[in-house]
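Reviewing the structure listed below.
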Amino acid sequence: MIQPNQLVEQYIQLVSKPFQAMPEYDGLESVHMLYETAWVRILVIRSEEKPDCASIEVETSLPLNASRTSCDCDESKAAKELLDGMILHLKYMADLCTQGFQADLVGPDCLWTVSKEFNEIPSEDIFRFLCPPNWREFR
């Protein structure tokens with residue numbers, strides 16, 4: 001599991017680089033992965049308009065292979081484990097909202113996001129909240 005100080009170090013590395021627009025984002029934004037698990041992606045987004053600011057966006061949804069709940073094991077148990085994981089991750093997102101992040105729901109696949117713009121390096125407390133729940137990877 002990632003530690004807050006590791007997130008801080010990676011964040012500082014990403015935002016200290018000169019802004020470079022990415023063609024896949026119409027040349028107006030740069031988007032970099034700060035951290036990723038099967039359940040969560042944490043992105044650092046910078047815009048050409050405000051290159052000295054950075055937004056942190058956290059996305060969570062069911063793992064990509066979550067639709068594969070039927071197997072030799074009990075389907076009800078697999079579904080319950082997914083439910084428990086989703087509840088844990090939605091609580092994580094709600095906790096980020098208490099830190100000033102704004103929530104949103106994107107698309108038909110139920111991608112939950114929270115984001116917040118920062119003009120300077122966020123406090124270590126923010127990075128503590130950014131560490132996702134310790135949940136085993138869905139198999």
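Figure the gain on full extension for Met1 and Arg128 (residue separation times 0.36 nm, minus the Cα-Cα span) and round it to one decimal in nm. Can you show the working numbers first?
Working: separation 127, 0.36 × 127 = 45.72 nm, distance 1.20 nm.
Length difference between fully extended and current span is 44.5 nm.
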If a paramagnetic tag sat 7 Å from the Cα of Phe118 along the Cα-Cβ line, which residues of region 86-112 would have the backbone N under 16 Å from that point?
96-102
Using helices alone, I'd like the mean residue ellipticity at 222 nm for the chain: each DSSP H run of four-plus residues gives -39500 (n - 2.57), total over residue count, nearest 500.
-10000 deg cm²/dmol
Student exercise, the chain dipole from Lys, Arg, Asp, Glu Cβ charges, in Debye to nearest 20:
360 debye
May I ask you to order 119-125, 56-62 by the average number of other C-beta atoms within 10 Å around their residues, highest value first?
56-62, 119-125
Give me a comma-separated list of calculated 3J(HN,Hα) values for region 29-45, in order, Karplus coefficients 6.51, -1.76, 1.60 applied at θ = phi - 60°, integers in Hz, x for any Gly or Pro.
9, 10, 10, 10, 6, 8, 6, 8, 10, 4, 9, 9, 10, 10, 10, 10, 10
If each part is reduced to its alpha-carbon centroid, region 86-139 and region 42-65 end up apart, in Å, by 11 Å
Using the Karplus curve 6.51 cos²θ - 1.76 cosθ + 1.60 with θ = phi - 60°, what ³J(HN,Hα) values do you get for each residue of region 76-90, in whole Hz, with x for Gly and Pro?
5, 5, 5, 5, 5, 5, 5, 4, 4, x, 5, 4, 4, 6, 5
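Within the chain, what is the number of lysine pairs with alpha carbons under 18 Å apart, leaving out pairs fewer than eight places apart on the same chain?
Values: Lys17/Lys50; Lys50/Lys116; Lys80/Lys91; Lys91/Lys116.
So the count of such lysine pairs works out to 4.
Just need the Rg to Rh number for region 4-130, please, alpha carbons only, Kirkwood Rh.
Details: Rg = 16.5 Å, Rh = 16.0 Å.
Result: Rg/Rh = 1.03.
Every number in this text was worked out from the coordinates using simple rules, so none of it is lab data. Given the structure is predicted, the values throughout are model-derived calculations rather than measurements. Every residue, glycine as well, gets a Cβ built from its backbone with ideal geometry; the counts of neighbours run over all protein chains shown.
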